[in-house]
Amino acid sequence: MFHRLEETLAGIFSKHLEKRYGWRNAVVFEQPRQPEFGELALPVAFQLARTLRRPPRAIADEIVREIGAIEGVAALEVAGAGYINIRFDRGRYARSLIEGLPPEECAVADGKIIVEHTNINPNKAAHIGHLRNAVLGDTFVRILRARGRRVEVQNYIDNTGVQVADVVVAFERLLGKTPEEVAAMTADPAVRFDYFCWDLYARISAHYREHPETLAWRQQALEAIERGEGETARMAAIVSDAIMRAHLATMWRLGIVYDVLPRESEILHLKFWAAAFELLRERGAIRYETEGKNAGCWVMPAAAFAGDDAGGEGGEDGKVIVRSNGTVTYVGKDIAYQLWKFGLLGKDFHYRPLLTYPNGHRVWVSSEAPGDEPAPEFGRGSRVYNVIDSRQSYLQDIVAAGLRALGFEKEAENSIHFAYEMVALSPRCAAELGFELDAEERRRAYVEVSGRKGLGVKADDLVDKLIEKALEEVVSRHPQEPPEKQRDIAAQIAVGALRYFMLKYTRNVVIAFDFQEALSFEGETGPYVQYAVVRARSIFRKLAERGESVPDYAAELDAGALERQLRSEDFWQLLLTASKTDAVLERAIAVGEPAHAAKYAFQLAQAFNNFYHEHPILAEPDRERRTFLLWLADYVRAQLERTLGVLGIPCPEYM
């Protein structure tokens, strides 16, 4: 409701300002410094004063006088040196919420939005850092869909890269395994295959450090995998497909699903890269080096992109796209993939259904050959968000530079690097997980982990540990409940704790994960917000236990009654906050920051908890006031539940 009225007011003021003053800039409202100043403040008179050469207050008076009365607005007031403060008609505002409004016409004209996230190398178990990527991406998708955008979720599977090659080398060279033997391992329920590969990856990494001459094994494996031929390529397919499925199962535990999994093997074998290479070569976006350290390579000149990194492949001379041995670098394949996302490549994958999630959602995977049933249309997005950590900014610049070099300026602008910082552990959390810390590490703000060295935190282990700790609390509070119910509630609390912890920080902040902080029922945490919903529901459960039904709010609360009750500033501010959900989500989309939605959930939960403690609703003797308080609690509950749904956080039955 707040967002709808704000948009209506912006339209009214925009139309008037353009007609009266020739003002064509966007109308931007501000939040008044104090609630008593109204609900919105408009500073446009200060901006107009520069061109009109008149006092801002005189301009503000003129605007207010000429615009006159506005439906849904109690007053327009000029304040200070020239602010226009806007006061809503509280009774009418609340009555609109009770009556319900037709769905807003959300901004869907932009076409399909593609969000690519998770993107875990399919060579070992997912780790804690991957969870931040997936939770950020999934939540942003939920926010976009909640505001009516059409979104496609992609999870790119790099099944031909160095990390997969290393695990394949380890199976072949260190363990002497055949593809058939590895396939048997993936089918053995006694073997946690993604965990096995976690340790094996650390082992081959150590072997390379001790015997650098064996790095030639990696190169041989890479070339075989890219060609898609022989035992090594078969082994890579077995390993990557098995771990890809393990990753999907891990993410499902957090309610994260995908629409399509484009695989790098099809980028190569369906000649996506060959088509992209020809485009880049014809436009002169890449050049063939005949001398120097990049002799025999195809290179994108450094002048083509920002943030050149001398430590990257090619360094100051540019970025190597195709190595001298003919293999394609990651960024080369990513340029081809990005072109496909926008429908610019003239090629498409074949697809086959991979699996159906327990909620009925189906995920598709790319394939080299046509499937048995028609697939939805994938790709052809108008805007693309790539959820990739901030350390990949350099490579993302090159991908955008590739689009620009081909003349696709609009697509380059709409290719957005949704960057985020790493996840570490608090020293306390690291100790709880069994890491041995020295005195200096215990004093640090956070402890970094390294999957390559095998010193990481597996995502499933983290979720299991959270469930274990949440279960202790649930059992202590509800010992009479069946064990399976207790565990289900604990899992919901754990998911809420983890997702909220990953979301409450802005994307440019390093996270130091901490069990105790994440699971606390007090403070800015997922369980705190979940508990507010449980409390709100308890009011209506108790009402039912008394044999009473929920009042007919529409029949009992007319605009006059609502106006009387909303003279209480506390009630009005709670209602106003609860009605801002859509405005908050639009803001989160505009700035690309899911943390806004998380912060809002906490603030609304905090406001409701204060209301809950101060007003014993069911003991209220006055009929009108009691009905109003019930409606207000019900409305806030619904908005809290909706916001938690957008955050991917479940609402437990009890806590």
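The values are calculated or read from the model by the stated rules, or taken from the named source; none is laboratory data. Keep in mind that this is a model prediction, so the values were computed, not measured. Ideal geometry is used to build each Cβ from the backbone, glycine not excepted, and the neighbour counts take in all protein chains shown.
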Please work out which residue is surrounded by the fewest Cβ atoms within 10 Å (Cβ to Cβ), limiting yourself to the range 187-217 and to residues that are outside any helix (DSSP H, G or I) and aliphatic (A, V, I, L, M).
-> ALA190
Would you confirm whether any residue within the range 468-485 is of a type outside the set (Phe, Trp, Tyr), at pLDDT 90 or above, surrounded by fewer than 17 Cβ atoms within 10 Å (Cβ to Cβ) and under 21 Å from GLY648 (Cα atoms)?
-> yes
Pair list, Cβ under 6 Å, 6 or more apart: the range 410-434 residue under 20 Å from ASN133 (Cα atoms), other residue among the basic types (Lys, Arg) and in a loop (DSSP other than H, G, I, E, B) | TYR420/ARG507
Which listed residue, of GLU77, GLU6, is of a type in the set (Asp, Glu), assigned to a strand (DSSP E or B) and out of contact with any Cys (no Cβ under 9 Å at 6 or more places or on another chain) = GLU77
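Just the residues that are closer than 20 Å to ALA578 by Cβ and either surrounded by fewer than 18 Cβ atoms within 10 Å (Cβ to Cβ) or outside the structural domain of GLU77 (by TED's automatic domain parsing) (or both), please, taken from the range 6-28.
At the first step, the residues of the range 6-28 found to be closer than 20 Å to ALA578 by Cβ are 6-9.
Across the range 6-28, the qualifying residues are GLU7, THR8.
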Conditions (1) of a type in the set (Ser, Thr, Tyr); (2) assigned to a loop (DSSP other than H, G, I, E, B); (3) surrounded by fewer than 17 Cβ atoms within 10 Å (Cβ to Cβ); number of the one not met by SER393 | (2)
Tell me which residues, restricted to the range 173-219, are in contact with a Ser or Thr (Cβ under 7 Å, 6 or more places away or on another chain) and either small (Gly, Ala, Ser) or within 19 Å of ALA233 (Cα to Cα) (or both).
-> PHE193
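Suppose the filter is touching a Phe, Trp or Tyr at 6+ places or on another chain (Cβ under 9 Å) and at positive phi; does GLY547 pass it? Talk me through it step by step, then tell me what you get.
Details: touching a Phe, Trp or Tyr at 6+ places or on another chain (Cβ under 9 Å): no; at positive phi: yes.
Criteria not met by GLY547.
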Single match in GLU586, GLU624, GLU593 (criterion: more than 19 Å from ALA532 (Cα to Cα), assigned by TED's automatic domain parsing to the domain that holds TYR553 and part of a loop (DSSP other than H, G, I, E, B)) | GLU593
Residues ILE84, ILE67: which one is free of Cβ contacts under 8 Å to residues at least 60 places away in the same chain and touching a Leu at 6+ places or on another chain (Cβ under 6 Å)?
-> ILE84
Subset of the range 9-28 [touching a residue at least 40 places away in the same chain (Cβ under 8 Å) and either part of a loop (DSSP other than H, G, I, E, B) or not aliphatic (A, V, I, L, M) (or both)] | PHE13, HIS16, ARG20
So which of GLN639, GLN573 ends up being assigned by TED's automatic domain parsing to the domain that holds GLN530, within 16 Å of VAL534 (Cα to Cα), in a helix (DSSP H, G or I) and in contact (Cβ under 8 Å) with a residue 60 or more places away in the chain?
-> GLN639
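Report the residue count in the range 514-542 for those that are in a helix (DSSP H, G or I), of a type in the set (Gly, Ala, Ser) and within 14 Å of GLY496 (Cα to Cα).
Here is the first cut: in the range 514-542, the ones in a helix (DSSP H, G or I) are 515-519, 526-542.
From what is left, the residues that are of a type in the set (Gly, Ala, Ser) are 518, 526, 532, 536, 538.
When the remaining residues are screened for being within 14 Å of GLY496 (Cα to Cα), the result is 518, 526, 532.
Residues meeting the conditions: 3.
Would you mind finding the one in GLU440, GLU468, GLU473 that is among the acidic types (Asp, Glu), under 27 Å from the mean Cα position of the chain (by Cα) and not assigned by TED's automatic domain parsing to the domain that holds ALA134?
Values: GLU440 fails: under 27 Å from the mean Cα position of the chain (by Cα); GLU473 fails: under 27 Å from the mean Cα position of the chain (by Cα).
Just one listed residue meets the conditions, GLU468.
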Looking at (1) over 30 Å from LEU640 (Cα atoms); (2) touching a residue at least 60 places away in the same chain (Cβ under 8 Å); (3) of a type outside the set (Phe, Trp, Tyr); (4) surrounded by 24 or more Cβ atoms within 10 Å (Cβ to Cβ), find the lone condition where GLY137 falls short.
-> (1)
Does ARG499 satisfy the condition of being crowded, with 18+ Cβ neighbours inside 10 Å and part of a loop (DSSP other than H, G, I, E, B)?
-> no
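Does ILE238 satisfy the condition of being part of a helix (DSSP H, G or I) and crowded, with 22+ Cβ neighbours inside 10 Å? Let's see the steps before the verdict.
Working: part of a helix (DSSP H, G or I): yes; crowded, with 22+ Cβ neighbours inside 10 Å: no.
So ILE238 does not fit the description; no.
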Could you look through the range 596-621, keep only residues that are exposed (fewer than 15 other Cβ atoms within 10 Å of the Cβ) and outside any helix (DSSP H, G or I), and pick out the one that is farthest from the chain's Cα centre (by Cα)?
-> PRO621
